[in-house]
Amino acid sequence: MKRVSLTQYLVEQQREHGRIPGQLRLLIEVVARACKHIAIAVNKGALGDVLGSAGSQNVQGEIQKKLDVISNEVLIEANEWGGHLAAMASEEMDSIHLVPNRYPQGEYLLLFDPLDGSSNIDVNVSIGTIFSVLRKIGHTRGVSEADFLQPGRQQAAAGYCVYGPQSMLVLTLGDGVAAFTLDRETGSWVLTQAGLQLPDETAEFSINMSNLRHWAPPVRRYIDECLEGRAGPRGKDFNMRWVGSMVADVHRILSRGGVFLYPWDARQPDQPGKLRLMYEANPMAFIVEQAGGLATNGRERILDIVPARLHERVSVVLGSRHEVLRVNALHAEGG
Ligand code: AHG
Ligand code: MN
Ligand code: MN
């Protein structure tokens, strides 16, 4: 079988659809290369002294793991000199990171969750990197946080890399979803699936059940209906999976269908949810929609939310169309 590399895929997309400007192509290649470096560090584990805590906290008040910090540095160093970016933002940085003056400034903004699933790092369970690409609107030289505060539907590209039994890169440029597997011998990302589509129907849900007592009535009712199985209103038995790394849970859903929920809960009543809108929910919502699924906060499409802050949180319901519509309907009924 003829192998198509990420580079060839991007060149052909550009040729066929003329939809990938040179800077965007470079950006994707640089992010993919950075993810390869992160994959190598992840695979070394204790041998590379990358496990455990870094002894610091991020802006969200979470303890940073060594790999959170390493991955953030790898992504910044890889991306700041190429001339394709105006600025970057990350889960692990309080404010935006400008491209240093000694480098040319490009037209894109890159946001990332450098290492998703931190609680799984030290137990050898799949983790990942999530990224979102926006265009800088306007032609002023300066960049501020306000330039980032665009709704997710304006993303030029989004993707994630999952570091699991295989390292895989899943990417959308707004024209479907493609998946690449890392060939460790040659060091290249090889196209292994194009036109990913997730089924409309599913019988598998993904939620942290230990928070059940804290959920709002519509979410509780949705899960209750699933748990009632064949005898209940849904008329079928459901299975449950929760890895605890959004990347891994979403990757499973893209592979075989399912619905993922991280809803608002009463532990932090003032926060809309746990997950971050701009570098977790938006890129995943873009990918899931491009694969034929839906992504909402229970009431509105995630990609239509206009962010007020870089580290804004959001309630997330995404995956197979019929399940997301059922969750939305229960919210509309008020539970
Ligand atoms: P991060 O490691 O980037 O902070 O994200 C962790 C997120 C997400 O990956 C996952 O879905 C969720 O936290 C798991 O949360 P619980 O531990 O509450 O299940
Ligand atoms: Mn995360
Ligand atoms: Mn993270």
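Per-structure values
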| item | result |
| --- | --- |
| Residue check for A178: at pLDDT 95 or above, within 16 Å of ligand 2 (Cβ to nearest atom) and either not hydroxyl-bearing (S, T, Y) or not in a helix (DSSP H, G or I) (or both) | no |
| Residue match in the range 152-166 (condition: of a type in the set (K, R) and over 23 Å from P21 (Cβ atoms)) | no |
| Selection status of V99, within 16 Å of ligand 2 (Cβ to nearest atom), within 20 Å of V30 (Cβ to Cβ) and touching a strand residue (DSSP E or B) at 6+ places or on another chain (Cβ under 6 Å) | no |
| Among (1) over 21 Å from the mean Cα position of the chain (by Cα); (2) over 29 Å from G195 (Cβ atoms); (3) modelled with pLDDT of 95 or more; (4) surrounded by 14 or more Cβ atoms within 10 Å (Cβ to Cβ), the one test that T7 misses | (2) |
| Within the range 140-165, tally of residues that are under 14 Å from Q290 (Cβ atoms) and either among the small types (G, A, S) or in a loop (DSSP other than H, G, I, E, B) (or both) | 6 |
| Some residue of the range 222-235 being assigned to a loop (DSSP other than H, G, I, E, B), outside the structural domain of D116 (by TED's automatic domain parsing) and either within 16 Å of ligand 3 (Cβ to nearest atom) or among the basic types (K, R) (or both) | yes |
| Only one of E73, E107, E62 that is surrounded by fewer than 19 Cβ atoms within 10 Å (Cβ to Cβ), more than 18 Å from the chain's Cα centre (by Cα) and within 13 Å of ligand 3 (Cβ to nearest atom) | E62 |
| Residue in the range 27-47 that is within 14 Å of ligand 3 (Cβ to nearest atom), in the same structural domain as T129 (by TED's automatic domain parsing) and either surrounded by fewer than 22 Cβ atoms within 10 Å (Cβ to Cβ) or acidic (D, E) (or both) present | no |
| Any hit, the range 118-139, residues being basic (K, R), surrounded by fewer than 15 Cβ atoms within 10 Å (Cβ to Cβ), in contact (Cβ under 8 Å) with a residue 24 or more places away in the chain and part of a loop (DSSP other than H, G, I, E, B) | no |
| The range 298-314, residues that are farther than 21 Å from T172 by Cα and in contact with a Ser or Thr (Cβ under 7 Å, 6 or more places away or on another chain) | G298 |
| Tabulated pairs, the range 262-283, first closer than 24 Å to V170 by Cα and near ligand 1 (Cβ under 9 Å from one of its atoms), second in a helix (DSSP H, G or I) and modelled with pLDDT under 95, C-beta under 9 angstrom, 6+ apart or interchain | none |
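Conditions (1) in contact with an Asp or Glu (Cβ under 6 Å, 6 or more places away or on another chain); (2) surrounded by 15 or more Cβ atoms within 10 Å (Cβ to Cβ); (3) on the phi > 0 side of the Ramachandran plot; (4) touching a residue at least 60 places away in the same chain (Cβ under 8 Å), marked per residue:
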residue: A157; (1), (2), (3), (4): no, yes, no, yes
residue: S167; (1), (2), (3), (4): no, yes, no, yes
residue: T186; (1), (2), (3), (4): no, no, no, no
residue: E201; (1), (2), (3), (4): no, no, no, yes
residue: P218; (1), (2), (3), (4): no, yes, no, yes
residue: I223; (1), (2), (3), (4): no, yes, no, no
residue: A231; (1), (2), (3), (4): no, no, no, no
residue: D237; (1), (2), (3), (4): no, no, no, no
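The rows are residues; the columns are (1) of a type in the set (V, I, T); (2) over 30 Å from Y103 (Cα atoms); (3) within 16 Å of ligand 1 (Cβ to nearest atom); (4) not in a helix (DSSP H, G or I).
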| position | (1), (2), (3), (4) |
| --- | --- |
| K36 | no, no, no, no |
| V42 | yes, no, yes, no |
| A46 | no, yes, no, no |
| G55 | no, yes, no, yes |
| G61 | no, yes, yes, yes |
| I70 | yes, no, yes, no |
| L75 | no, no, yes, no |
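The values are calculated or read from the model by the stated rules, or taken from the named source; none is laboratory data. Predicted model, so just to flag it, every value in this text is computed and none were measured. Neighbour counts are summed over all protein chains in view; Cβ atoms, including those assigned to glycine, are modelled from backbone coordinates with ideal geometry.
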